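All remarks here apply to the structure that follows.
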Amino acid sequence: MRTPFQTIAWVDGHVKMLDQRRLPGSVDYLHLDDAAGVAEAIRTLAIRGAPAIGCAAAYGVAVEARRLRGAARDDFSATLAHAFELLAGSRPTAVNLFWALHRMRAVWATGASDPPATIAERLLLEAHAILAEDVAANRRMGDLGAALVPDDARILTHCNAGALATAGHGTALGVIRSAAAAGKRVAVFADETRPVLQGARLTAWELQQDGIPVTLLPDVAAGHLMARSRIDLVIVGADRVAANGDVANKIGTFPLAVLAARHGIPFYVACPLSTLDLSIETGSAIPIEERGREEVAGYGAETWAPDGVPVFNPAFDVTPAELVTALITEAGVVRKPDRASLRALVGSP
Ligand code: MRU
């Protein structure tokens with residue numbers, strides 16, 4: 001199943017990305033030709049979702065290097081170093097961003113004395129590789145995860161962990177897509193996902209494009225659905241998984257996991273290995289982005305909260321590993337993830 005849109009691509013020397021701020025009302029693409037533009041697109045959620053942010057950061061470096069390919073070496077190096085900083089500062093929680101920048105930096109370091117044009121070519125190839133690997137990882141996760149989905153499954157998901165959040169196919173929605181492609185009947189319940197409404201705007205739209213049945217619900221209705229035995233499993237994506245298996249994902253994920261445990265419903269997390277951060281011991285050390293007041297005080301041009309009332313707007317929360325039934329990755333499915341099983345998964349001693 002191929003999605004009829006492209007989240008991110010390299011086209012004619014620039015980065016083309018679907019502007020997710022405008023979905024579902026209009027399907028518009030941005031064409032960006034420098035790192036500052038890409039960093040701004042990440043910061044303002046034109047592109048979002050951990051793996052897609054990683055791909056965007058990689059292309060942000062590549063496009064900047066291309067822009068500078070005719071520059072003198074010192075200018076090239078100083079401006080490219082600044083581009084890395086800009087991109088690294090765009091959002092803090094999704095580790096895929098830093099993982100991708102690390103890969104790009106390593107490529108730069110291997111031939112740092114080569115002409116800028118050669119370095120630029122090499123960086124572009126690495127960005128292409130990051131994108132292709134992400135699609136392959138998602139397809140593999142889809143195959144592995146589909147085995148966990150029973151026929152006639154009623155599946156609850158939160159935020160958007162689909163093709164829109166990745167280079168293609170998706171993580172949580174990739175599992176659902178693969179299950180549907182394998183002939184299983186599925187019905188998806190999509191949390192609207194306050195306050196930015198990734199569920200209402202993006203997941204509902206994305207699944208509609210594929211003809212996968214989807215019903216939208218307010219976040220606060222999830223407990224009621226579970227209590228009435230109308231959900232068979234929950235599946236979400238992740239922005240960062242700590243060494244002990246704690247999972248940072250879109251705000252509202254943690255209460256869903258608690259509700260799922262209360263009702264004996266499996267709670268699955270699908271994410272590529274690039275989302276694992278074994279350098280962080282537990283979820284409490286994962287940096288959690290706090291976003292602007294306007295996202296909670298109103299929506300778009302409209303404000304409904306009284307002037308001056310303080311707002312708390314964390315974009316992510318942390319689900320303790322003990323609430324995760326299984327982590328689905330391209331390297332395998334880990335039931336009850338913990339420090340030992342995650343180390344074994346990535347082959348680290
Ligand atoms: O703020 P967002 O929209 O970038 O948050 C996205 C999520 O929380 C996703 O669930 C996560 O990045 C996984 S995407 C495959």
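With the cut-off at under 19 Å, measuring from each backbone N in region 302-332 to a point 7 Å along the Cα-to-Cβ line of THR282 picks out 317-325. Inter-label distance, SER113 to ASN313: 5.0 nm, where each label sits 7 Å from its Cα along the C-beta direction.
What is the ratio of the Cα radius of gyration of region 245-349 to 2.2 N^0.38 Å, with N the residue count, to two decimals?
On the way: Rg = 16.9 Å, N = 105, 2.2 N^0.38 = 12.9 Å.
Ratio of Cα Rg to 2.2 N^0.38 Å: 1.31.
For the pair region 66-105 and region 261-305, the centres of their Cα atoms are 25 angstrom apart.
Normalising the Debye intensity of region 127-215 to I(0), with uniform scatterers on Cα atoms only, and taking log10 at q = 0.12, 0.18 Å⁻¹ returns -0.33, -0.72.
Computed from the alpha carbon atoms alone, the convex hull of region 148-346 holds 123 Å³ per residue.
In a GNM of the chain with a 10 Å cut-off on Cα contacts, which of TRP205, TRP108, TRP304 has the highest mean-square fluctuation? Largest GNM mean-square fluctuation: TRP304. Relative to one another, the C-alpha centroids of region 155-204 and region 9-43 are positioned 21 Å apart.
Within the straight-line cut-off of under 12 Å between alpha carbons, the aspartates and glutamates reachable from LYS184 are ASP151, ASP152, sequence neighbours fewer than 8 places apart in one chain being disregarded.
Of the beta bridges in the chain, as assigned by DSSP with both residues counted there, near 50 percent are antiparallel. Between VAL346 and ASP75, the distance separating the two model label sites (each 7 Å from Cα on the Cα→Cβ line) works out to 4.0 nm. When the chain is described by a simple charge dipole with +1 on each Lys and Arg Cβ and -1 on each Asp and Glu Cβ, the residue from ALA62, ALA129, SER341 located farthest towards its positive end is SER341.
Summarising the label geometry, the points placed 7 Å from Cα in the beta-carbon direction at ALA132 and ALA221 lie 4.4 nm from one another.
Could you please tell me the mean projected area of the C-alpha convex hull for the chain, averaged over all directions and given in square nanometres to one decimal? Could you put the intermediate results ahead of the total?
Values: hull surface 71.1 nm².
Taking a quarter of the hull surface, the average projection is 17.8 nm².
Each Lys and Arg adds +1 at its Cβ and each Asp and Glu adds -1 at its Cβ; summed about the Cα centre, region 8-138 shows a dipole of about 260 debye. The ellipsoid that matches the Cα gyration tensor of region 169-228 has semi-axes, each √(5λ) in whole angstrom, of 20, 15, 9, with the longest given first. Once the gyration tensor of the Cα atoms in region 215-306 is diagonalised, the equivalent ellipsoid follows with semi-axes of 25, 23, 11 Å, ordered largest first. Per the Debye calculation on region 8-138 with a single equal scatterer at every Cα and no solvent contribution, log₁₀ I(q)/I(0) for q = 0.15, 0.17 Å⁻¹ amounts to -0.63, -0.80.
No value in this document is a laboratory result; all are computed from the given coordinates. All of these numbers come straight from a predicted model, not from anything done at the bench. Note: ideal-geometry Cβ built from the backbone for every residue, glycine included; neighbour counts use all protein chains shown.
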